[in-house]
Amino acid sequence: MIYGERTNGHLHGTVYTKREIVHFILDLCLEDSFGLAGKVIIEPSAGDGAFVVPIIERILTECSNDLAALKMALSNVYVYELDSNVVSILLANIKNSLPEPSLADLINIQVGDFLLKDIPRADIVIGNPPYVRYDNIPLEQKEMYKSLYVSFSARADIYVAFIEKSIRALKPSGRVGFICADRWINNQYGRTLRGLISHDFHLKYFVKFSGYNPFQEEVIAYPSVFLIENAGSNPNICFSEVKSEEDLTLTQIEKSSKHYRFSENSEIEYDDLKDHFLSLEDQGFKIGIGVATGADRVFITDNKAVVEPELLMPIVSRRDFAGNGIAWRGFYLVNTYAIDGDGLVDLARFPLLQKYLNDHASQIMGRHVAKRNPNGWYKLIDPVHRDLQKKPKLLIPDITTKRSIIFDEGNYYPHHNLYYVTCEDIEKLLVLRSLLVSRFCNSQVAQKGVLMNGGALRWQAQTLRKLYIPEIDQISKKMKRDLIAHYDSNDFDRIDELVTEITARLSPTEKSIESNLDRSSRPIST
C-alpha cells in the first residue's frame, strides 16, 4: 500500500465498480467484434476482480465446447494489482469463477505497480484505474511517473498516467475502456493527455453519469466511461449521459448521443454556441482568481495593528457572502508586494511588517513558494494587483449549489476561493450576473467544467473562458433592466425565461458571430 487511507477507512485508489457497468464497458470494447477469445486483455488495477471475473465468464461462454480455445483465451488475460493483501481475494474469486480451479494458473496475475511494469501489447485494456490525487502520491513515485509519462504533470491525478500507458500499449484497432474521473477532459492537467489522444488516437465514446452512481459505494469521483481506440487520429467524439441503469446499452447510447469534436488545440468543442454567441473575454470582461497566500493564518488577519496600515487590504471570501451581498467580517490581506512598482516591499522600510513576518517565519518559510525562492521568502503565492480591489467585479464561489453571484462595487480584494470577472461598465456586469445564473450558462458550466456530487457546480477561470453568451450590447435596455431586477428579487425562473427569449432572438441559425457583429446595432426588445 503506497497511497494511504481515505476518510471512510478504505484505501486511496480502491473504488469498486458495479457489475452492470463492467458489462457495459465490455460491450463498448467489443462493439463490431466477435468476442474476447483470441484477444490479449489487460486489467491494470484488478482489486478483488470486479472486471476480470465478468471477463472470465464471457470467455467461458464463448469457449464452452473448446478446452484448448479456453486455455488459450485465459492465457491471454493479464491482471495487475498493487495491494498484495487484495491478491489472495482476487485469486479466490477467479478460481470460483472457473470450472476447474487449476485453470486460474493460466491467467497472468502480477502483483505490483502497473505504471512501473512491463506489459504486453494488448487488444483490450479495461478497468477502473485508481483514484489518487497528486498530493496523496508519495514523492518517489511521483518523480518516477513524471519521468515515464508526459501526461503526468501539473498536479495530475494518477489515473492520467494509467490512461497514457494503456493507450500506448494498444495494438492497431485496440481499445481502452475505462471508468474514471472526467476532470482530465476539461482541466489544465489533462491538456497533454488530450493532445496525445486527439492527435494519435480516437476518443470514440465519452459517457457521463448524471444522477446514477456506477460504483458500489458513494464517492466524490465525477465518473465517466471513456472508450479510446488506436485507430488513428479522429476528432469526432460520441457523447452521452447515463441517468439510470436502463441507459446502459449501446442502442440507448447511440440513440441519445451528441457528437462533439476536438479542436485544433485539443479542447472539446461541446456545441455550436460559438457560432452564434460570444465568449466573456470577446465582450471585454476580464477573468481571474483571487489571491493564494500559502499561509492564510499569517497573511490574513483581523488585527489592523500588526503591520503598517498601507499594507492592509480588505479581503473577501465566500464566508463573507450573505444573500445577494457581502457581510464583511473585517479581515485584511497582509500585502507584501510593493505599493509602487513591481517586486516585494523593502522590509527595512516597514518595521512592523518585518517584526510580524519574523514572528511567523517558520510558517512562512515552510511554504513551497518560499523554499523555491529563499530571497523572496515572504512573497505570496500569487502577486497582488492593487487596482483590482477598486474595480467593480462579480465574485463567484469556487464550488456552489446556489444560483448566487455577488457584485462588489470596488471595496474588496478576492480570496483564492473566489473567481472574479471585472468590467468598467457596471450595468454590463450586472446583466452578466443574471446570464451566468441562468440554466443556459449553468448547463455549460456543468458540461465544460466539473459537476460535483449533489449537483454543485465547479466554477473555474478556465471554465468561465469557455462559456458563450449573447452579445450584451445587443440586448435592449428594458431587457437588461428586467434581468437585473429579477436577480435582485431572486426570480430565477423568470431569468431563465428571459434568457431563453434572448438566446432565441440573438442566435439565428443562418448567421455566424461575424455577421452578428457586422449587422445593424438595433437592439432586440421585449
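The values are calculated or read from the model by the stated rules, or taken from the named source; none is laboratory data. Everything quoted here is computed from the prediction, not taken from an experiment. Cβ sites come from the backbone with ideal geometry, for glycine too, and all protein chains shown count toward neighbours.
Here are a few things to note about the model shown:
- Within the range 358-377, tally of residues that are surrounded by 11 or more Cβ atoms within 10 Å (Cβ to Cβ) and either touching a residue at least 40 places away in the same chain (Cβ under 8 Å) or over 18 Å from Tyr337 (Cα atoms) (or both): 8
- Considering the range 472-487, and only residues there that are assigned to a helix (DSSP H, G or I) and among the β-branched types (Val, Ile, Thr), the residue that is nearest to Val437 (Cα to Cα) turns out to be Ile484.
- 1 or more residues within 16 Å of Ala292 (Cβ to Cβ): qualifying helices (runs of 4 or more DSSP H) within the range 312-405: 361-365, 368-372, 386-390
- Strands (runs of 3 or more DSSP E) completely within the range 59-136 that count 2 or more residues being free of Cβ contacts under 8 Å to residues at least 40 places away in the same chain and not hydrophobic (A, V, I, L, M, F, W, C): 77-81, 108-111
- Filtered residues of the range 378-407 (kept if hydroxyl-bearing (Ser, Thr, Tyr) and either more than 31 Å from the chain's Cα centre (by Cα) or surrounded by 16 or more Cβ atoms within 10 Å (Cβ to Cβ) (or both)): Tyr378, Thr400, Ser404
- Options Gly190, Gly174: the member that is under 17 Å from the mean Cα position of the chain (by Cα), buried (at least 20 other Cβ atoms within 10 Å of the Cβ) and without any contact (Cβ under 8 Å) to a residue 60 or more places away in the chain: Gly190
- Restricting attention to the range 410-430 and to residues that are under 12 Å from Val316 (Cβ atoms) and out of contact with any helix residue (DSSP H, G or I) (no Cβ under 7 Å at 6 or more places or on another chain), the residue that is surrounded by the fewest Cβ atoms within 10 Å (Cβ to Cβ) turns out to be Asn411.
- The residue pairs whose first member lies in the range 217-240 and is within 8 Å of His202 (Cα to Cα), whose second member is assigned to a loop (DSSP other than H, G, I, E, B) and modelled with pLDDT of 95 or more, and whose beta carbons are closer than 7 Å, counting only pairs six or more residues apart or on different chains, are Ile228/Phe201; Glu229/Phe201; Asn230/Phe201.
Here's the yes/no breakdown for (1) modelled with pLDDT of 95 or more; (2) out of contact with any Ser or Thr (no Cβ under 8 Å at 6 or more places or on another chain); (3) among the polar types (S, T, N, Q); (4) on the phi > 0 side of the Ramachandran plot:
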residue: Glu424; (1), (2), (3), (4): no, yes, no, no
residue: Lys428; (1), (2), (3), (4): yes, yes, no, no
residue: Phe440; (1), (2), (3), (4): no, no, no, no
residue: Gln474; (1), (2), (3), (4): no, no, yes, no
residue: Arg481; (1), (2), (3), (4): yes, yes, no, no
residue: Ala485; (1), (2), (3), (4): yes, yes, no, no
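- In the range 469-492, the residues that are exposed (fewer than 14 other Cβ atoms within 10 Å of the Cβ) reach residues that are not small (Gly, Ala, Ser) with C-beta atoms within less than 7 angstrom, at least six apart or across chains, in these pairs: Lys478/Thr526; Asp488/Asn324.
- Qualifying residue in the range 230-250 (condition: outside any strand (DSSP E or B), closer than 30 Å to Lys391 by Cβ and modelled with pLDDT of 90 or more): no
- Taken across the range 338-348, residues that are touching a residue at least 40 places away in the same chain (Cβ under 8 Å) and either touching a strand residue (DSSP E or B) at 6+ places or on another chain (Cβ under 7 Å) or buried (at least 17 other Cβ atoms within 10 Å of the Cβ) (or both) do not occur at all.
- For the range 18-58, the set of residues classified as among the β-branched types (Val, Ile, Thr) and either assigned to a helix (DSSP H, G or I) or in contact with a Ser or Thr (Cβ under 8 Å, 6 or more places away or on another chain) (or both) consists of Ile21, Val22, Ile25, Ile42, Val52, Val53, Ile55, Ile56, listed by residue number.
- Matching residues, the range 212-229, being of a type outside the set (Ser, Thr, Tyr) and at pLDDT 70 or above: Asn213, Pro223, Val225, Phe226, Leu227, Ile228, Glu229
- Condition met for Asp302 (surrounded by fewer than 11 Cβ atoms within 10 Å (Cβ to Cβ) and either closer than 23 Å to Tyr420 by Cβ or touching a residue at least 40 places away in the same chain (Cβ under 8 Å) (or both)): yes
- Within the range 143-152, the set of residues being without any contact (Cβ under 8 Å) to a residue 40 or more places away in the chain and either under 13 Å from Phe114 (Cβ atoms) or surrounded by fewer than 17 Cβ atoms within 10 Å (Cβ to Cβ) (or both) comprises Glu143, Met144, Tyr145, Lys146, Ser147, Leu148, Tyr149.
Each row is one residue, and each column tells you yes or no for (1) assigned to a helix (DSSP H, G or I); (2) closer than 30 Å to Gly38 by Cβ; (3) out of contact with any Asp or Glu (no Cβ under 8 Å at 6 or more places or on another chain).
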position: Tyr145; (1), (2), (3): yes, no, yes
position: Tyr159; (1), (2), (3): yes, yes, yes
position: Ser166; (1), (2), (3): yes, yes, yes
position: Gly174; (1), (2), (3): no, yes, no
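- Scanning the range 283-297 for residues that are surrounded by 15 or more Cβ atoms within 10 Å (Cβ to Cβ), out of contact with any Phe, Trp or Tyr (no Cβ under 8 Å at 6 or more places or on another chain) and not in a loop (DSSP other than H, G, I, E, B) gives Gln283, Asp296.
- Residues in the range 265-281 that are modelled with pLDDT under 95 and among the charged types (D, E, K, R): Glu267, Glu269, Asp271, Asp272, Lys274, Asp275.
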